[in-house]
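S.K.: Mind looking over this structure? Questions follow.
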Amino acid sequence: MKFRLCVMLAILVSITCGLAPGGDWTHWRGPAYNGASNETNLPDDWSTTKNVTWSTDLPGPSSATPVVSGKHIFLSSTANDLKELRAVCIEADTGKVLWSKSLGTGRKAMRNNMATPSPVTDGKTVYFLYGTGDIAALDFQGKVVWSRKLEKEYGRFAVKFGYSSSPLLYEGKLFVSLLREPARVRKEAPGETRTESYLIALDPASGKEIWKQIRHTPAKEEAFDTYGSPLPCETGGSKGVIVAGGDLITCSDAAGGKELWRYDYGKDARETRWRLIPSVTVAGGVVVLPWPRGSDGLFAITPPKTGGKPAVAWTIKGSAPDVCTSLYYKGLLYVLDGKRKATLSCVDPKSGNVHWKQKLTGKPIWRASPTGADNKIYCMNMAGEVSILAAGTDLKVISDGKINMGASGCMSTIAPANGSLLIRTPKKLYCIRK
C-alpha cells in the first residue's frame, strides 16, 4: 500500500513539474541576449483586468525592463518625483513588494530619467546600474553586497538624453559600457578631464575593476552618444563583448579587454548627429545594427575569424529602428522601426531577404523592443497598445492594437517568464497569465 502511494505521489509530482512553466528573464534582452524566450502557453488576449494575475503599484516611472529569477522579479525605478533611484523586488506569484531600496539620487534628463538601465541577475545576486553612475549588487533578501559611484572614478556619465546602457553579466564579469561626448561631459561638469569612452569589466563579487579599455573613436559631437548595451558575441574562437556607437562596432576579448576587431560604419560620412540608441542583435552568425537615427535602413556584418576583418553580409535600405533593438527568434530576425505608423518586418538574417512587412495599428511611436515567445512576437507602443503577430515566414496577425494597457509613456520591453508576461507601465507592473 505504501509502495503504491509512493508511486502515485511520484507520478503526481512528475505531472506537476511537467506542467509547470520554466524560464527566467535575467537580462533586458532575455537569457540568450536576443529578445527571445522558450516560454509556451502564453496569453494573446488580455486587458488591465482580464487575464491579470496581479498588478502592483510602482514608486515611479522608468523604462527599465523587469528581470526575473525564480520567484523574484527585480526592477529599477525612480521615486519621489524622479529625485530618488530605487531597486525593487517583487514576489512573482503574488505581486507583493518584498523590498524596495534607495540606491541613489536622480537628476534631470531630457525625455528620460536616471533609472533607464535594466538590472541583471545571475540567480544569486542582482546588479543595478543608474544613469548617475551609481551601481550596486544586492542579494535576493535586499542586502547591499557592494556599491560604487562610478562617476567619481570615470567622470560624468554625460549623454544628451540620459545614460541608458544596461550592464552585462558574462564570463564571470560585470560589463559596463560608457560612451559619451567629451564636450558634453565638460559642459555638465566644468573642469572635468576624464572624458574618454570606456568598456569596463568589474568583479561581480566585489565591484572592483578587472580591466578598463579606452574606446577610441573617430566620431564627432553627438555621434559619440550611445544608449545601447554591451552584448556577448563569440568570434574567431574567442568570447567577446560587442559595443556599438561612436561610428563603430567593436568587439573586445571578455577575458582581458583586448580589442579583437572593429567595424567603422561612419567612415564615409562623419555625421555629427549620429547618436545610436538600439543595441546590436547577434543573429545566426551575423551582427545586425540599424543606421543611427534609423536614417537609412540596417546592415549586417560577419564577424571575422582570428586576425581577419569584419565584412558586410547584407544591407537593407529604407525605414529602420531609431530606438527599438531587433529580435532574433527561432532563426529569424524581427525588426520594429518604431515610427508613428510602425512596421514590423521579418528578415532572413543569413541573406537579408525580407519575408514580410506589416504595418501596426496605433499612431503613437514605439520605444519598447519586440519580444519573441510561444511562437509569437509581442510589441507595445508608448500608448500601451499591444500588437501580437505569429512568428515565422508566413504573415499572420493575431491581435493588432486591441489590447490596451490604459497608460501613456510605456517604454519597457515585455518580459516573458514562468508562464507569464510582465508588462510595465509608468505606474504599474502587470502579471498577465492565461
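The values are calculated or read from the model by the stated rules, or taken from the named source; none is laboratory data. Given the structure is predicted, the values throughout are model-derived calculations rather than measurements. With ideal geometry, Cβ positions are generated from the backbone for all residues, glycine too; neighbour counts draw on all protein chains shown.
S.K.: Pick from A205, A201: which is buried (at least 23 other Cβ atoms within 10 Å of the Cβ) and at pLDDT 95 or above?
M.R.: Sole residue among the options that is buried (at least 23 other Cβ atoms within 10 Å of the Cβ) and at pLDDT 95 or above: A201.
S.K.: Could you list, in sequence order, all residues of the stretch 404-420 that are in contact with a Phe, Trp or Tyr (Cβ under 7 Å, 6 or more places away or on another chain) and under 20 Å from K96 (Cα atoms)?
M.R.: Across the stretch 404-420, the qualifying residues are I414, A415, P416, A417.
S.K.: Would you mind finding the one in G123, G131 that is outside any strand (DSSP E or B), within 21 Å of P278 (Cβ to Cβ) and in contact with a strand residue (DSSP E or B) (Cβ under 7 Å, 6 or more places away or on another chain)?
M.R.: Residue meeting the stated conditions: G131.
S.K.: Name every residue in the stretch 313-338 that is in a loop (DSSP other than H, G, I, E, B), of a type in the set (G, A, S) and at pLDDT 95 or above, in order of residue number.
M.R.: Within the stretch 313-338, S326, G331 qualify.
S.K.: Collect the residues in the stretch 389-416 that are crowded, with 24+ Cβ neighbours inside 10 Å and assigned to a strand (DSSP E or B), keeping them in residue-number order.
M.R.: A415, P416
S.K.: Just checking, how many residues over the stretch 1-43 are at pLDDT 95 or above and part of a loop (DSSP other than H, G, I, E, B)?
M.R.: 18
S.K.: Also, I was wondering about something else. What tally of residues in the stretch 197-226 results from selecting those that are assigned to a loop (DSSP other than H, G, I, E, B) and farther than 19 Å from C251 by Cβ?
M.R.: Adding up the residues that qualify gives 8.
S.K.: To continue, here is another question. Exactly one condition in (1) under 24 Å from Y33 (Cβ atoms); (2) in contact (Cβ under 8 Å) with a residue 40 or more places away in the chain; (3) surrounded by fewer than 18 Cβ atoms within 10 Å (Cβ to Cβ) is not met by G172; state its number.
M.R.: The number of the failed condition is (2).
S.K.: Restricting attention to the stretch 268-312, which residues are assigned to a strand (DSSP E or B), of a type in the set (S, T, Y) and under 21 Å from N381 (Cα atoms)? Please lay out each step first, then the result.
M.R.: In the first step, residues of the stretch 268-312 are kept if they are assigned to a strand (DSSP E or B); the result is 276, 281-283, 286-290, 298-302, 311-312.
Checking which are of a type in the set (S, T, Y) leaves us with 281, 302.
If the condition is that a residue be assigned to a strand (DSSP E or B), of a type in the set (S, T, Y) and under 21 Å from N381 (Cα atoms), then T281 is the only one that fits.
S.K.: Now a separate question. Going by what's in this entry, would V52 be described as modelled with pLDDT of 95 or more and either crowded, with 18+ Cβ neighbours inside 10 Å or within 17 Å of S164 (Cα to Cα) (or both)?
M.R.: For V52, the condition - modelled with pLDDT of 95 or more and either crowded, with 18+ Cβ neighbours inside 10 Å or within 17 Å of S164 (Cα to Cα) (or both) - is not met.
S.K.: Name the one entry in V126, V159 that is more than 24 Å from K239 (Cβ to Cβ), in contact with a Ser or Thr (Cβ under 9 Å, 6 or more places away or on another chain) and either β-branched (V, I, T) or at pLDDT 95 or above (or both).
M.R.: Testing whether each residue is more than 24 Å from K239 (Cβ to Cβ), in contact with a Ser or Thr (Cβ under 9 Å, 6 or more places away or on another chain) and either β-branched (V, I, T) or at pLDDT 95 or above (or both) leaves just V159.
S.K.: With respect to the numbered conditions (1) modelled with pLDDT under 95; (2) over 28 Å from G70 (Cα atoms), which one is the sole condition not fulfilled by N418?
M.R.: For N418, the failing item is (2).
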